[in-house]
Amino acid sequence: MSLASKVVLVTGSAGGLGRAIAESLLSRGASVAICDINPGRLAAAEAELSASYTPCRVLALEADVADEESVKALVGQTVQLFGRLDVLVNNAGIMDKFDPVGDCDTKLWESVLAVNLTGAFLVTKHALPHLQAQAEARGGGPSGSLIINVGSTASFSGLTAGAAYTASKHGLVALTKHTAGFYGPRGVYSVALQPGGMTETNINDAFAAGMNTEGFNAVREAHPKMNNVPVDHVARYAAFLSEDGIGQSANGSCIVLTGNWPEA
């Protein structure tokens with residue numbers, strides 16, 4: 001189904017899964033605002049996407065989702081250029097270092113929660129007036145607006161990451177479900193994607209200064225078999241959910257894409 005009528009904002013989308021989601025949406029005709037905190041990575045993504053798709057359908061904005069003023073500017077500029085907002089994908093996230101709570105540095109805890117959970121809250125908060133307006137303009141129901149939150153196996157498993165990342169992704173599920181319950185009747189739907197391990201992401205950025213090997217080994221011992229999933233498969237789910245009617249049917253859902261890791 002074509003998404004030519006849709007405007008989508010994808011956070012953390014200059015690389016990895018966010019970039020794949022943006023490309024999947026663009027390939028189906030959507031207009032997409034990408035954003036990232038890394039200006040070099042963002043410029044490269046903008047150039048490549050603009051070369052592959054109609055440049056007027058691509059907007060690239062530097063933004064820090066953990067900063068409310070930056071978020072306000074991000075949402076405002078997206079709506080100013082495209083005139084509306086139909087879908088929000090809260091993809092921006094950072095990994096911890098597999099630290100259990102006793103080893104977790106307080107600053108690391110705060111930074112992971114700030115991006116992964118508070119960031120999703122802030123972007124959702126400031127996007128909601130525009131998502132609601134568009135849902136009303138389109139008549140709601142199957143034509144309502146949509147929020148997709150990108151979770152993780154750490155959204156439902158207690159030991160697939162460190163304490164900070166796990167807490168942030170569990171919290172994201174709560175945000176998804178509460179938003180679905182309150183705003184669903186108003187035509188704004190909310191869904192979480194919970195992908196497993198993905199090799200084509202920027203996850204290794206978190207380990208530049210090392211990782212907690214004891215914490216990492218505990219994860220591997222608890223779940224020795226790991227099946228990576230292609231980022232393109234997750235991206236295609238995001239595009240599918242963005243079709244008219246699908247978000248309404250999936251409202252409140254947490255969709256697991258893990259290749260059965262950890263085993264169901």
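Per-residue Karplus couplings for segment 104-111, computed as 6.51 cos²θ - 1.76 cosθ + 1.60 with θ equal to phi - 60°, are listed in order as 6, 5, 4, 5, 5, 3, 5, 5 Hz, Gly and Pro entered as x. Each residue, L257 and K72, gets one label point 7 Å from its Cα in the Cβ direction; the gap between the two is 3.4 nm.
Within straight-line reach of K225, meaning a Cα separation under 20 Å, sit the following aspartates and glutamates at least 8 residues removed in sequence or on another chain: E200, E214, E263. Among W261, W109, the sequence by solvent-accessible area, most first, with a 1.4 Å probe is W109, W261. Distances between every pair of Cα atoms in segment 1-52, grouped in 5 Å steps from 0 to the bin holding the largest one, split as 5, 24, 34, 23, 10, 3, 1 percent. Each 10 Å bin, from zero up to the one with the longest distance, holds this percent of the alpha carbon pairs of segment 95-173: 19, 38, 23, 15, 5, 0.
Note on N227/A137: beta-carbon distance plugged into 1/(1 + (r/R0)^6) with R0 of 35 Å gives a FRET efficiency of 0.25. Projection of the Cα convex hull of segment 121-215, averaged over all directions and equal to a quarter of that hull's surface, yields 7.4 nm². Basic side chains Lys and Arg get +1 at the Cβ, acidic Asp and Glu get -1 at the Cβ, and with that the dipole of segment 24-180 about its Cα centre reaches some 600 debye. Simple spin-label estimate for A44 and Q248 gives 4.2 nm between the two label positions (7 Å along the Cα-to-Cβ direction from each Cα). For segment 216-231, 3J(HN,Hα) computed residue by residue from phi via the Karplus equation (6.51, -1.76, 1.60; θ = phi - 60°) reads 5, 5, 5, 5, 5, 5, 6, 9, x, 9, 10, 10, 6, 10, x, 4 Hz, glycine and proline entered as x. Here the sum of -39500 (n - 2.57) over DSSP H runs of 4 or more residues, divided by the residues of the chain, equals -14000 deg cm²/dmol at 222 nm, to the nearest 500. In segment 120-162, which residues have a backbone nitrogen under 12 Å from the label point lying 7 Å from S5's Cα in the Cα-to-Cβ direction? Correct set: 135, 137-145.
The heavy atoms of Y53 offer some 50 square angstrom of accessible surface to a 1.4 angstrom probe.
Mind checking the full-extension length gain between R220 and H178? Use 0.36 nm per residue of separation minus the Cα-Cα distance, one decimal, nm. It would help to have the intermediate numbers written out before the result.
Numbers: separation 42, 0.36 × 42 = 15.12 nm, distance 3.23 nm.
Contour length minus the Cα-Cα distance gives 11.9 nm.
With q set to 0.15 Å⁻¹, the log10 of I(q)/I(0) for segment 1-129, from the Debye formula over equal scatterers at the Cα positions, is -0.66.
How large is the Kirkwood hydrodynamic radius of segment 38-86, in angstrom, based on all distinct alpha carbon pairs? Each step should come with its number before you reach the end.
Numbers: mean 1/r = 0.0853 Å⁻¹.
Across segment 38-86, the inverse of the average 1/r is 11.7 Å.
In the context of the full set of protein chains, residues of segment 63-191 present 39 Å² of accessible surface per residue (probe radius 1.4 Å, heavy atoms only). Compute the long axis of helix 163-183 from its Cα atoms, compare it with the longest principal axis of the Cα atoms of the chain, and write down the angle in degrees, 0 to 90, nearest 10. That works out to roughly 30 degrees.
Pop out the carbon and sulfur fraction of the accessible area of segment 1-93 as a percent, whole number, probe 1.4 Å. Intermediate results must be reported in sequence, preceding the final value.
On the way: 1690 of 3430 Å².
That fraction is 49 percent.
Listed by chain and number, the lysines whose alpha-carbon sits under 20 Å from that of K72, ignoring those within fewer than 8 places in the same chain, are K125.
For the chain, the longest principal axis of the C-alpha atoms and the axis of helix 119-138 are separated by about 30°.
Among S145, S249, the sequence by solvent-accessible area, most first, with a 1.4 Å probe is S249, S145. Taking a quarter of the surface of the Cα convex hull of the chain gives a mean projected area of 12.8 nm². Normalising by residue count, segment 56-192 has a Cα convex hull of 109 Å³ per residue. Taking the Cα centre of the chain as reference, the dipole from Cβ charges on Lys and Arg (+1) and Asp and Glu (-1) amounts to some 740 debye.
The values are calculated or read from the model by the stated rules, or taken from the named source; none is laboratory data. Because the structure is a prediction, the values reported are computed rather than measured. Virtual Cβ from ideal backbone geometry, glycine too; neighbours counted across all protein chains shown. Quick note on the areas: whole protein, heavy atoms, side chains included, nothing else; ligands and nucleic acids left out. Shrake-Rupley method; radii C 1.70, N 1.55, O 1.52, S 1.80 Å.
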